[in-house]
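Student: First, the structure itself, so that you have it in front of you.
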Amino acid sequence: MKLLVRNGRVIDPATGTDAVQDVLVQDGTIAATGARLERGAVEGAEVLDAGGLVVCPGLIDIHVHLREPGYEYKETIRTGTRAAAAGGFTAVCGMANTDPVNDNRAVTDYILAKARAEASVRVYPIGAVTRGLAGKELAELAELAEAGCVAFSDDGRAVMNAELYRRAMEYTLPFGCPVISHAEDTTLSHGACMNEGTVSTELGLKGAPAAAEDTMVARDILLAELTGAHVHIAHLSTAGAVRLVREAKARGVRVTAEAAPHHLVLTDEAVRGYDPNTKMNPPLRSRRDVEALVEGLADGTVDCVATDHAPHALAEKEGEYDRAANGIVGLETAVSLLLDRLVRPGLLDLPTLVARMSTGPARVLNLPGGTLAPGAPADITLLDPGREVTVDPSRFESRSRNTPFGGWRLRGAPAATIVGGKLIWRTGGGFTG
C-alpha cells in the first residue's frame, strides 16, 4: 500500500528539514521525501493533499493515564487512544497507576493485548517502580522491561525513600529504561490543593510551595549523578526545577524533563473561580514559573511536552475544591493550546514545538518514530496552523470532560493523523476505520 502526502510544509527536526515537499509512504514506513519524487515511485499511490498544512513526524505523548485496567469509567484504551488520534498523537505511553497496578508482567501483557485489539495509535506501557505504588519495595523491574515497558514510574505518588529510589536507578541501568520522577516532597506539600502564594492566601486554600518540587528534583538529579542512571522529571512546573535541570545537564548528568501544556499557559490566577478543573498535581504556578518553563522549552532544557492526560468522572471533579481529584484531560487540546498561546505570539517557533512533541519524546524514551527519514515508521501528523477552533468538551473522544479550557477560541489544530501508513483520523472526516 502506498500513500503520498503531497505539497505540505514538511518539518522534520531530526533531519533539519523545513520545506514544501512530498512524503511517500509504502508498507508502513517512510519510503522517500522530496520536492520532486520520481514518477515511478509514486505511481499507484493514494494521494493526500497537504497544501497549506504542516507535515511532521507523528506526535508522541509520553505521559498519559489510560486508566485501563480498573478505572474504565474514566477512560479506556480504546477511548484514550481515539482522543490521542483526534489530538494529532500517533503514540502514547500509559502510566502505571491502574488497578491492578502495572507492577508485573500479567498487567503489562493485558495492556498490550488490549492495545493490539482496540487502540487507534501505538501504546507503550510504563511500569511501576514499586509494588502497588506503595514506595516500600521494588516492583519486578526486569520482568516489566522484558514484557515491553519502556520506562518506570510511580507517577501520582513520590517515592520518598531515597535509598529505594537509588536502588531502582541502579537496577534499571542494564535495561536502558529511564526512571520517571514524580518530584514532590509530600512532607512539604501534604494536604495542599494549589500553589502556595498570594492567590492561595487570598482564597484561603492550602498551598504547596515550589520547594516541594525543587527539593525532589534536586534529590533525583543527585541520585542520577551517583548511579549514572537516566532520570526523567515528569510535569516540571517551577522556575527552580528548570534551573536545576539546566545546571545538571551542563555538568553531564543524564536528566531529561517534560512540561505539560496547562503549566505552559495557565497560572494560579486561574484558580480564583474555584473551578475544580484547575486543580492538578503539581499545581498551577506563578507567572514567573510559567515564563521559566517556556524559556526552558525554547532552549532545550525541557526536552518535550507531555499532556499528563488525567481523565476523571464528573462526580470526582465536583464539590469543594480541596476535595476534588487532581488532573485534567489534555490529548485533544494540547496542539491547539500550544500553537495559539506559544507559537502565534512568537514565544516558540513552530519547528521547536514540533521537536518537543515528536523528536524529543522519541529520544527521551528511545521510541520508534520522531522522524520522517526513509525507513522510519510512517507515523505522521498533519497540522493546520490557521484553523480556528472552539474547545467543546462535549465532543471529546475521551470518556471524560475535565478541562479548564472549555469555550476557549484557539487558532491552530491537528488536521490528520497517520499511524503505520494508515490514515486514522482527519478533520471533517473523523475516524477512517
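Student: Under 16 Å Cα to Cα from K317, which aspartates and glutamates show up? Leave out anything in the same chain fewer than 8 places away.
Tutor: Cross-link targets: E75, D275.
Student: To continue, here is another question. Work out the FRET efficiency for E137 and H190 from their Cβ-Cβ distance, taking R0 = 22 Å, and round it to the nearest 0.05.
Tutor: 0.45
Student: Could you run the Karplus curve 6.51 cos²θ - 1.76 cosθ + 1.60 with θ = phi - 60° over segment 150-155 and give me ³J(HN,Hα) per residue in whole Hz, x for Gly and Pro?
Tutor: For segment 150-155, the Karplus-derived couplings read 9, 6, 10, 7, 9, 3 Hz, x marking Gly and Pro.
Student: Same structure, new question: Select from segment 179-266 those trypsin sites (Lys or Arg not before Pro) which occupy a DSSP coil region and have at most 14 other Cβ atoms within 10 Å, ordered by residue number.
Tutor: Sites meeting the loop and neighbour criteria: K206, R251.
Student: Once both labels are modelled 7 Å past Cα along the beta-carbon direction, what's the E146-A106 spacing in nm?
Tutor: 1.7
Student: Tell me, C56, C93, C177 in order of fewest to most beta-carbon neighbours within 10 Å?
Tutor: By the 10 Å Cβ count, ascending, the order reads C177, C93, C56.
Student: Let me ask something else about it. Among T390, T108, rank each residue by its count of other Cβ atoms within 10 Å, from fewest to most, as a rough exposure measure.
Tutor: On the way: T390 12, T108 24.
By the 10 Å Cβ count, ascending: T390, T108.
Student: Which ordering of W408, W425 is given by a fewest-first count of other beta-carbon atoms within 10 Å?
Tutor: W408, W425
Student: Moving on to the next point. How large is the helix-only mean residue ellipticity at 222 nm for the chain, computed as the sum of -39500 (n - 2.57) over DSSP H runs with n ≥ 4, divided by its residue count, in deg cm²/dmol to the nearest 500? Working shown, then result.
Tutor: Working: 14 runs with 118 residues, N = 433.
It comes out at -7500 deg cm²/dmol, rounded to the nearest 500.
Student: Normalised by the number of residues in segment 184-235, what is the relative contact order in percent for Cα pairs under 8 Å and 6+ residues apart?
Tutor: 33
Student: Please compute the contact order of the chain in relative form: average sequence separation of alpha-carbon pairs under 8 Å and at least six residues apart, divided by the residue count, as a percent.
Tutor: The value is 20 percent.
Student: Here's something else I'd like to know. Which one of A19, C304, T256 has its Cα pushed farthest toward the positive end of the charge dipole of the chain, where Lys and Arg give +1 and Asp and Glu give -1 at the Cβ?
Tutor: The Cα lying farthest towards the positive end belongs to A19.
Student: Given the C-alpha centroids of segment 399-433 and segment 221-246, what is the distance between them in whole angstrom?
Tutor: Here the answer is 32 Å between Cα centres.
Student: Also, I was wondering about something else. Provide the FRET efficiency to the nearest 0.05 for the R411-V47 pair, computing r from the beta carbons and using R0 = 35 Å.
Tutor: Working: r = 27 Å, r/R0 = 0.78.
Calculated value: 0.80.
Student: Now for a different question. For segment 82-103 and segment 257-279, compute the distance between their C-alpha centroids and round to whole Å.
Tutor: When both Cα centres are located, 21 Å separates them.
Student: May I ask you to list the GluC sites (Glu not before Pro) in segment 37-140 that are in a DSSP loop and have at most 10 other Cβ atoms within 10 Å of their Cβ?
Tutor: Details: sites: E38, E43, E46, E72, E75, E118, E137, E140; in loops: E38, E43, E72, E75, E137, E140.
Answer in residue order: E38, E43.
Student: I would also like to ask the following. Under 18 Å from a point placed 7 Å out from the Cα of R344 along the Cα-to-Cβ direction: which residues of segment 406-427 have their backbone N that close?
Tutor: Hits in segment 406-427 for R344 at 18 Å: 406-415.
Coordinate-derived values only; no laboratory data. The model shown is predicted, which means the values in this text are computed figures rather than measured ones. Here the Cβ is made from the backbone with ideal geometry for all residues, glycine too, and neighbour counts use every protein chain on show.
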